[in-house]
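Following: one structure in structure tokens, then a few remarks.
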Amino acid sequence: MKLFTSSSKISLALLGAIASASTFATTTLSNIKPAVAAQFCQCPIYVNNRFQLQQPYVWSAKDYGSVLARNRFTQVGSPQPGAVVVMQPSFPGTNRTHGHIGVVENVNGNGTIGVRGTNQGNRGLFGEAGCNNVNVTRFETSVNGRPDVSFWVRGNNSNSGQQQQVQQQPIQQQNGFRQANFSAWVMSSNGITLRNSPRLGDRSNQGVRFRQNLNFDGWTYGETVNDLQLGNPDARWYKIAGTNLWVPSAYVNGNAPNSRPMP
């Protein structure tokens, strides 16, 4: 799903970010963690839940680079939709002690970003990833050239225990297929029947469950499907890593790198 919602300006300093000691376990196709009731979440808890991060966690959002690195995230040099953003306390609009963490919703031409997360004001709240206080907030300070903000994407990296500054790799495209490693979790409460091709009618005999985390190795444009959350048309289809099975982007929470909903 591609979260192109309107952003709200942040007006109050963010509350402290306190990491929780509990979260969803990483799932496989045969190991499904049941959903939990939505709750008020500090900002690290939303990221823990959304990406099903493994323990141990740390106390402050500003120190979450180490947690992300242990969970196979790699630091990249520029913001992109779907990347985790870690803000230090010196970044304007964050908590002066703990900073802030969230997910990049959109990147604007002037270098400002919209952040999807929790504990970042009270406007436009909705429930997601076990949290009832999620919204999208626009931070009014450009991230360009600032050393107090970092961006992280999940992917294979032999040195995943270290924070690394890497150049974003170009998308490889073959017959409309873009190679990219990324993940997303199932939004549909009824689960998803996997497809043999990027068409709704080409159903397979395999399925995945609500909140299950899926790993993908590429994407393409196919049949247009309305996003389950926003109702917007989305033609992206994601291929499950190591298989020939597909899910529509509109049914999962997560963005393919450098992608947009429609061609």
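Here are the numbers for this structure:
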| item | result |
| --- | --- |
| Whole-Å distance, taken between Cα centres, linking the range 192-254 and the range 81-103 | 31 |
| Whole-Hz ³J(HN,Hα) from phi, Karplus 6.51 cos²θ - 1.76 cosθ + 1.60, for the range 239-250, glycine and proline x | 9, 5, 4, x, 10, 10, 9, 10, 10, x, 4, 5 |
| The range 79-158: trypsin sites (Lys or Arg not before Pro) in DSSP coil with no more than 14 other Cβ atoms inside 10 Å | Arg96, Arg123 |
| ³J(HN,Hα), Karplus 6.51/-1.76/1.60, whole Hz, each residue of the range 86-94, x for Gly, Pro | 10, 10, 7, x, 7, 6, x, x, 9 |
| At most 16 other Cβ within 10 Å, DSSP loop - GluC sites (Glu not before Pro), the range 55-154 | Glu140 |
| Protection-proxy order for peptides 43-53, 184-194, each taking the mean of Cβ atoms within 10 Å per residue, highest first | 43-53, 184-194 |
| Placed amide H near Leu194: partners under 5 Å, 5+ positions off or other chain | Ser204, Gln206, Gly207, Val208 |
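No lab work stands behind these numbers, since they all come straight from the coordinates. Just so you know, these numbers come straight off a predicted model, no measurement behind them. Cβ coordinates were reconstructed from backbone atoms using ideal geometry, including for glycine residues, and neighbour counts include every protein chain displayed.
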